[in-house]
Amino acid sequence: MVQGSLAVPSLAAGLSLADEQRELVRARILRAAGSVLAARGLTATVDDVAEAAGVSRRTIFRHFVTRDALFVAVIRAGIRRYAEQIPPPPDDDLRGWLREMLAVMHKLNAGNGRVYWDLVGVQAADMSHDLAMVAAECRDSRNRFAVRVTELLWHARSAEGRPPQWLVDAVAVQLSGFTTQSLAGDLGRSPDAVAAVAAQVIEAALAAALARSA
């Protein structure tokens, strides 16, 4: 969601030198904030980001009104990164796509670091309004994607109606950072190995759901 997820934006033709410098500094701050959030989570401070970016606090506040505004920008960029990197489903061979998509998903999950656990583990009441809002956006994005993947696989097997909720839940688990952490973090599996296990679990759950619906 955050770490390594921020490319330097391409600078539009016609920008003044001052505007180009401003955009470069902003991108540098965002990259540094992504790394700091991955390492320290929501306990990170503006001073941490300033040190990592090699700029002053004042420079950061020229670009972002508050610490949380900066963190929200980083987290939203991470959400966009998922949308940009997840391969679109083909018209055929969804099994191949599933494995490829899961590999990308778990590589991205592995780079999120501590901020992911803070966003899913901290109650909204204990966050600022801005952070609670972006945490909800992350949840909604994950939930919508799990539904989309499940429905694609369900209808590709000529199943009728909507897939059962338990199947959506099973797919959501296999897409999640919890699965990444369990297999990659705790057992030392590579993201590709995590993807292979997740694909087998999803296929088995799908087969069981289809058998029940027959």
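Each value in this text was obtained by applying a stated rule to the coordinates, not by laboratory testing. On a predicted model such as this, the values are computed, not experimentally measured, just so you know. All Cβ positions, even for glycine, are placed from backbone atoms using ideal geometry, and neighbour counts span all protein chains on display.
Using a Förster distance of 35 Å, how high is the FRET efficiency between Gln123 and Arg76, based on the Cβ-Cβ distance and rounded to 0.05?
Numbers: r = 21 Å, r/R0 = 0.60.
My answer for the efficiency is 0.95.
List the DSSP H helices in the chain whose Cα atoms stretch 24 Å or more along the helix axis and whose mean Kyte-Doolittle hydropathy is at least 1.0. Don't skip to the end; give the middle numbers.
Working: long enough: 17-40 (34 Å, 0.05); 67-85 (27 Å, 0.05); 129-156 (40 Å, -0.15); 191-213 (32 Å, 1.18).
Correct list, ordered by number: 191-213.
Name all residues of segment 147-180 having a backbone nitrogen under 17 Å from the label point set 7 Å from the Cα of Ala193 along its Cα→Cβ direction, giving them as ranges.
Under 17 Å, as judged by backbone N against the label point of Ala193, lie 179-180 of segment 147-180.
How many angstrom lie between the C-alpha centres of segment 76-150 and segment 27-56?
Each part reduced to its Cα centre gives a spacing of 21 Å.
Taking the mean number of other Cβ atoms within 10 Å as a proxy for protection, how do you rank 89-96, 149-156 from highest to lowest?
The densest-packed peptide leads the list: 149-156, 89-96.
Please say if segment 106-214 is rounded, prolate or oblate, where rounded means a/c under 1.5 for a ≥ b ≥ c the square roots of the C-alpha gyration tensor eigenvalues, and otherwise the choice is prolate for a/b larger than b/c and oblate otherwise?
Here segment 106-214 falls in the oblate category.
Which shape class, rounded, prolate or oblate, goes with segment 128-187 when its Cα gyration tensor gives a ≥ b ≥ c as root eigenvalues, a/c under 1.5 marks rounded, and past that a/b bigger than b/c marks prolate? It would help to have the intermediate numbers written out before the result.
On the way: a/c = 3.45, a/b = 1.41, b/c = 2.45.
It is oblate, given that a/c is not under 1.5 and a/b is not larger than b/c.
Using the Cα centre as the reference, give the magnitude of the dipole from point charges on the C-beta atoms of segment 89-213 (Lys, Arg: +1; Asp, Glu: -1; all else neutral), rounded to the nearest 20 debye.
200
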